[in-house]
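Okay, structure first, notes after.
The values are calculated or read from the model by the stated rules, or taken from the named source; none is laboratory data. Here the structure is a predicted model, which means the values were calculated and not measured. Quick reminder, even Gly has a Cβ in these numbers, built from the backbone with ideal geometry, and neighbours come from all protein chains shown.
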Amino acid sequence: MSSYISNVRPAPDQLIVDLADYALNAKITSDEAYDTARWCLADTLACGIMALAYPACTKLLGPVVPGTSIKNGARVPGTSYELDPVQGAFNIGAIVRWLDFNDTWLAAEWGHPSDNLGAILAVSDWISRNKAAGSPLAAFGSQLSTLNSQPAPTVRDVLTAMVKAHEIQGVLALENSVNRVGLDHVLLVRMASTAVTAVMLGGNREQVINAISHAWLDGSALRTYRHAPNTGSRKSWAAGDATSRAVRLALIAMTGEMGYPSVLTAKTWGFQDVSFKGNSVKLARPLGSYVMEQVLFKISFPAEFHAQTAVECAMKLHPLVKNRLDQIERVEMTTHESAIRIIDKSGPLNNPADRDHCLQYMAAIGLIFGALTADHYEDKIAADPRIDALRAKMVVTEDKSYSKDYLDPEKRSIANAIQVVFKDGTKTDRIEVHFPIGHRRRRTEGIPVLQQKAHAAFTTHYGKEKAAQLMSLFTDRTKLETMPVHDFVSAFVK
């Protein structure tokens, strides 16, 4: 008796249908989500502009083939590049993520939902510029002709896409931990960016479903580049790679290319069996605007988010220890399970990417310097012998209550505590911080600091007068939302 596999094509997996229907049809009614998205846009662009000061980042930017340019192409903020939307997404995604300073989402799977801006901004700007120039988008593929009858995208459309991309990535992350099976979380960036850009490109329901199925077919990059002993700079452009791939897949789907309906659930060959150890991929809650409302901003310093409160503790202790560093016996650090699993690190740190994913290094910088900037991860400062001497004195332990509150959907704390013990037996107070300044619970306190962060980034790159003009774009939300995307992006072109 022989066995066989049925070749009857099944209906699309329900999760893919749910993602497509949300991306196509959901109406975002939350004023809080749109207001948060406005400042998320400012913050994300500021992170990208800051990254342009680092040659390790800028060497990766520009067209695939040097010297080429695309007429009416997507522009890259802070630069003069004009690119096709696929490469534009890579460029924008890479600068946004480079300094590990953009927003964060912590759940069963962590990630950075504003990574999706690479795809969203590149595609919307490309569409907007071609419409403004009167260039028929049908020239880029017959299936794009539907865009010709639609109005040009505005910043409101960008904010809507951001809310939806945040939601898709963040809700998938609530219970589906791809990092636990060795895959990188940028898989979820590619998923979210594929869904929203397929819609932006005028995809119908079948095309959006097909595009999402292709995003799952790609599997995911390994997390090797985020963990000792291989931590490296690929973690800073991995999101750009994911957003550019998303745009490519969405464009392929727009040609009428077929999809793969049971890509998740197919026995043996589906994503769940091949890459997720047989576990089901599921949505933990209905899709709405929860993630944008709850998202965590990195406001004060560029540090891996599990360490944000630890650095805040260290900075509070800086005045008490800065003149007694040689008298320190040990530094007692209390943290949560995720921090221990991801960034608790001993031994040599080989590059900036290694350092900004080391809990002890970041805390040491805070204690020694009372500040933490991207420059503190560079070789010049890392050579300061006081840093490794202090790291060697650090003892890291888990507080089970911190780990519990980290997973509590009503709290989402990222707690850390530090106490310094001196050789003479004296000790500092134990400084404990549960919620970083970028947390929703500290929004009123945090948004003004976010604005200062953006203003400082724009001033450094563009000068005071231009920075003031850019910040004014975000002041009146109604006016901002009505701007054509190409006018908005043009304001950031240099």
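What to note about this one:
- Residue ranges of helices (runs of 4 or more DSSP H) in segment 14-73 with at least 1 members among the aliphatic types (A, V, I, L, M), within 19 Å of residue 241 (Cβ to Cβ) and touching a residue at least 60 places away in the same chain (Cβ under 8 Å): 55-58
- Taken over segment 399-440, the criterion of being within 18 Å of residue 334 (Cβ to Cβ), crowded, with 18+ Cβ neighbours inside 10 Å, among the hydrophobic types (A, V, I, L, M, F, W, C) and under 28 Å from the mean Cα position of the chain (by Cα) is satisfied by 414, 415, 417, 418, 433, 435.
- In segment 437-448, the residues that are within 19 Å of residue 304 (Cβ to Cβ) and either touching a Gly at 6+ places or on another chain (Cβ under 7 Å) or of a type in the set (A, V, I, L, M, F, W, C) (or both): 437, 438, 446
- Helices (runs of 4 or more DSSP H) (entirely within segment 258-331) containing at least 1 residues that are modelled with pLDDT of 95 or more and closer than 30 Å to residue 416 by Cβ: 290-294, 308-321
- Residue in segment 139-155 that is among the polar types (S, T, N, Q), surrounded by 22 or more Cβ atoms within 10 Å (Cβ to Cβ) and modelled with pLDDT of 95 or more present: no
- Among the conditions (1) in a loop (DSSP other than H, G, I, E, B); (2) under 28 Å from residue 324 (Cα atoms), residue 413 misses just one, which is (2).
- Just one residue in the set 410, 445, 432 is at pLDDT 95 or above and within 30 Å of residue 173 (Cβ to Cβ); that residue is 432.
- Being in contact with a Ser or Thr (Cβ under 7 Å, 6 or more places away or on another chain), closer than 21 Å to residue 100 by Cα and of a type in the set (Asp, Glu) is a condition met by at least one residue of segment 335-344.
- Across segment 96-123, the qualifying residues are those that are among the small types (Gly, Ala, Ser) and assigned to a loop (DSSP other than H, G, I, E, B), and the one among them that is farthest from residue 295 (Cα to Cα) is 108.
- Here the condition is being assigned to a helix (DSSP H, G or I), under 30 Å from residue 409 (Cα atoms) and small (Gly, Ala, Ser); of 88, 93, it holds for 93 alone.
- Residues of segment 317-331 that turn out to be in contact with a strand residue (DSSP E or B) (Cβ under 9 Å, 6 or more places away or on another chain) and either crowded, with 18+ Cβ neighbours inside 10 Å or among the hydrophobic types (A, V, I, L, M, F, W, C) (or both), as a count: 5
The rows are residues; the columns are (1) in a strand (DSSP E or B); (2) over 15 Å from residue 307 (Cβ atoms).
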position	(1), (2)
409	no, yes
417	yes, no
421	yes, yes
435	no, no
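- Qualifying residue in segment 71-88 (condition: out of contact with any Asp or Glu (no Cβ under 6 Å at 6 or more places or on another chain), more than 19 Å from residue 295 (Cβ to Cβ), of a type in the set (Phe, Trp, Tyr) and buried (at least 20 other Cβ atoms within 10 Å of the Cβ)): yes
- Test: residue in segment 18-41 that is farther than 19 Å from residue 290 by Cα and either charged (D, E, K, R) or surrounded by 10 or more Cβ atoms within 10 Å (Cβ to Cβ) (or both): no
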